[in-house]
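Engineer: Structure incoming, see below.
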Amino acid sequence: MNKMKFQVGVIKGDGIGPEVVTEAQKVLNAIATKYGHEFDYKEILMGGCSIDATGEPLTDQAIADAKASDAVLMGSIGGNTQTSPWYKLPPEKRPEAGLLKLRKSLNLFANLRPAYLYKELREACPLREDIIGDGFDMMIMRELTGGLYFGARETKEVDGVMTAVDTLTYTEEEIRRIAKRGFDIAMKRRKKVTSVDKANVLDSSRLWRKIVEEVAADYPEVTYEHMLVDNCAMQLVKDPKQFDVILTENMFGDILSDEASMVTGSIGMLSSASLNDTKFGVYEPSGGSAPDIAGQGIANPIATILSAAMMLRYSFDLDREADAIEDAVKQVLAEGYRTIDIMPQENEKRSSVKQVGTKEMGDLIAARV
Ligand code: IPM
Ligand code: MN
């Protein structure tokens with residue numbers, strides 16, 4: 001057996017972040033023991049906790065530490081935007097600015113967000129039985145370093161009226177590289193790409209469509225279609241089975257991935273990988289820091305645990321080990337263990353499962369890898 005050693009940057013972050021990352025590390029440690037690998041963790045500060053410690057949401061040292069790692073495992077960052085003092089700071093000093101800076105500094109342009117309905121979680125899915133059918137399995141491919149989240153923005157008074165502007169810019173190169181990634185992933189899946197835009201209104205979307213069409217020409221085996229984002233939001237709840245790879249720009253992908261996560265039962269199940277042109281990646285749950293439930297020990301660690309599995313697969317080429325984690329998650333669900341967010345919707349069905357907390361869920365999965 002090939003023993004391997006990896007340097008893993010660990011960003012615990014804020015809210016439920018530290019709780020869920022601890023469980024993911026527990027599972028990684030179980031993998032290390034079983035397969036004889038070594039994961040060296042280096043803690044990196046980002047978000048609100050970094051503001052409290054250093055005054056900045058992400059320091060240059062933190063960026064350097066992330067770059068020096070083979071991959072970064074992350075929890076979540078940010079607090080309650082209405083009550084936390086972090087949100088009294090200027091926008092570029094707030095927790096989210098740290099995450100955006102990390103993505104940009106590491107050129108993490110490709111964000112993969114798989115949304116998969118486990119058959120064990122059908123009862124937690126808010127959609128009707130006939131819509132669920134045999135379940136669904138999609139990959140949202142979100143562009144992560146362009147568009148509205150990185151364009152120039154400004155708030156100022158114009159002719160006595162407060163006016164705010166955000167700019168949405170995409171270059172053809174930015175579109176081409178994410179489109180290629182989307183089609184490459186589709187080739188390993190069911191070979192269908194739905195490119196989502198708002199080409200009936202936006203110039204950036206019309207360029208998006210043109211470039212996606214050019215890229216599609218290189219993938220004759222892949223069926224592709226264009227879909228307007230408002231229609232896509234509707235189709236995701238009307239007939240999610242139709243989707244394989246959803247390829248879209250930054251903001252649309254942000255919104256649609258939250259929606260897709262909810263149709264799989266809970267945002268607590270949705271993992272993600274943010275990749276650049278190298279083997280490096282940042283792996284984080286798609287959900288937020290959930291400050292309302294932080295510290296209660298009830299957050300679902302599965303999204304973070306599955307993100308760790310993605311890290312093994314995409315950054316470390318440890319497919320067998322990644323499979324072991326995913327199988328362990330399935331097994332624990334099959335045995336009836338549930339965190340509160342994935343409890344069955346109907347009361348009568350609740351007695352057939354066992355509700356557990358964050359730590360217990362981590363223990364159960366670690367014991368089964
Ligand atoms: C996400 C988050 C971030 C985003 C925020 C925290 C900046 O919502 O990863 O989806 O919008 O990308
Ligand atoms: Mn989001």
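Engineer: List pairs: first residue in segment 79-106 and under 24 Å from GLY147 (Cα atoms) and outside the structural domain of ALA66 (by TED's automatic domain parsing), second residue of a type in the set (Phe, Trp, Tyr) and not in a helix (DSSP H, G or I) anywhere in the structure, Cβ distance under 9 angstrom, at least six positions apart or on different chains.
Structural biologist: Final answer for the pair search is none.
Engineer: What's the number of the condition GLY265 fails, among (1) over 22 Å from LEU127 (Cβ atoms); (2) in contact with an Asp or Glu (Cβ under 9 Å, 6 or more places away or on another chain); (3) more than 14 Å from ligand 2 (Cβ to nearest atom)?
Structural biologist: Unmet for GLY265, out of (1) over 22 Å from LEU127 (Cβ atoms); (2) in contact with an Asp or Glu (Cβ under 9 Å, 6 or more places away or on another chain); (3) more than 14 Å from ligand 2 (Cβ to nearest atom): (1).
Engineer: Let me ask you something else. Looking at segment 201-225, which of its residues are buried (at least 17 other Cβ atoms within 10 Å of the Cβ), more than 24 Å from GLY151 (Cα to Cα) and not small (Gly, Ala, Ser)?
Structural biologist: Those that are buried (at least 17 other Cβ atoms within 10 Å of the Cβ), more than 24 Å from GLY151 (Cα to Cα) and not small (Gly, Ala, Ser): VAL215, TYR219, VAL222, TYR224.
Engineer: Which ones in segment 99-113 are away from ligand 2 (no atom under 15 Å from the Cβ) and buried (at least 22 other Cβ atoms within 10 Å of the Cβ)? So that I can check it myself, show each step before the final result.
Structural biologist: Within segment 99-113, the subset away from ligand 2 (no atom under 15 Å from the Cβ) is 101, 104-107, 109-110.
ALA110, the sole residue that qualifies.
Engineer: Can you name every residue in segment 75-98 that is of a type in the set (Asp, Glu) and surrounded by fewer than 18 Cβ atoms within 10 Å (Cβ to Cβ)?
Structural biologist: Selection gives GLU92 alone.
Engineer: A follow-up question, please. What number of residues within segment 260-302 are of a type outside the set (A, V, I, L, M, F, W, C), surrounded by fewer than 22 Cβ atoms within 10 Å (Cβ to Cβ) and either more than 12 Å from ligand 1 (Cβ to nearest atom) or over 16 Å from the mean Cα position of the chain (by Cα) (or both)? Talk me through it step by step, then tell me what you get.
Structural biologist: Initial filter on segment 260-302 (of a type outside the set (A, V, I, L, M, F, W, C)): 261, 264-266, 268, 271-272, 274, 276-279, 281, 283-289, 291-292, 295-297, 300-301.
Among the residues that remain, those that are also surrounded by fewer than 22 Cβ atoms within 10 Å (Cβ to Cβ) are: 276-279, 288, 291-292, 295-297.
Add one more test, that the residue is either more than 12 Å from ligand 1 (Cβ to nearest atom) or over 16 Å from the mean Cα position of the chain (by Cα) (or both), and what stays is 276-279, 291-292, 295-297.
Number of matching residues: 9.
Engineer: I'm told LEU207 meets every condition in (1) outside the structural domain of TRP86 (by TED's automatic domain parsing); (2) within 27 Å of LYS119 (Cβ to Cβ) except one. Can you identify the failing condition by its number?
Structural biologist: (2)
Engineer: Is it the case that some residue within segment 234-249 is surrounded by fewer than 17 Cβ atoms within 10 Å (Cβ to Cβ), in contact with a Pro (Cβ under 9 Å, 6 or more places away or on another chain) and of a type in the set (A, V, I, L, M)?
Structural biologist: Yes.
Engineer: Considering VAL21, VAL72, which residue is in a helix (DSSP H, G or I) and surrounded by 23 or more Cβ atoms within 10 Å (Cβ to Cβ)? Steps first, please.
Structural biologist: Values: VAL72 fails: in a helix (DSSP H, G or I).
Checking each option against the conditions leaves just VAL21.
Engineer: Determine whether segment 337-347 contains at least one residue that is assigned to a helix (DSSP H, G or I), surrounded by fewer than 17 Cβ atoms within 10 Å (Cβ to Cβ), out of contact with any Ser or Thr (no Cβ under 7 Å at 6 or more places or on another chain) and assigned by TED's automatic domain parsing to the domain that holds SER76. Break it down stepwise before answering.
Structural biologist: Quick first cut of segment 337-347, residues assigned to a helix (DSSP H, G or I) only: 340-342, 347.
Now drop any that are not surrounded by fewer than 17 Cβ atoms within 10 Å (Cβ to Cβ), which leaves 340, 347.
Filter once more, so that each one left must be out of contact with any Ser or Thr (no Cβ under 7 Å at 6 or more places or on another chain): 340, 347.
Of the ones still in play, those that are also assigned by TED's automatic domain parsing to the domain that holds SER76 are 340, 347.
Yes, segment 337-347 contains a residue that is assigned to a helix (DSSP H, G or I), surrounded by fewer than 17 Cβ atoms within 10 Å (Cβ to Cβ), out of contact with any Ser or Thr (no Cβ under 7 Å at 6 or more places or on another chain) and assigned by TED's automatic domain parsing to the domain that holds SER76.
Engineer: Please note which strands (runs of 3 or more DSSP E) are completely contained in segment 124-167 and include at least 2 residues that are surrounded by 15 or more Cβ atoms within 10 Å (Cβ to Cβ). Break it down stepwise before answering.
Structural biologist: Numbers: elements: 137-143, 153-158, 161-166.
Per the criteria, 137-143.
Engineer: Of all residues in segment 87-112, how many are aromatic (Phe, Trp, Tyr) and either within 12 Å of ligand 1 (Cβ to nearest atom) or not in a helix (DSSP H, G or I) (or both)? Spell out how you get there, then give the answer.
Structural biologist: Restricting attention to segment 87-112, the residues satisfying the condition of being aromatic (Phe, Trp, Tyr) are 87, 109.
Right, trim to either within 12 Å of ligand 1 (Cβ to nearest atom) or not in a helix (DSSP H, G or I) (or both) and you get 109.
Adding up the residues that qualify gives 1.
The values are calculated or read from the model by the stated rules, or taken from the named source; none is laboratory data. Note that the coordinates shown come from a computational prediction; the quantities given were computed from them, not determined experimentally. Heads up, the Cβs are rebuilt from the backbone with ideal geometry, glycines too, and the neighbour counts pull from every protein chain shown.
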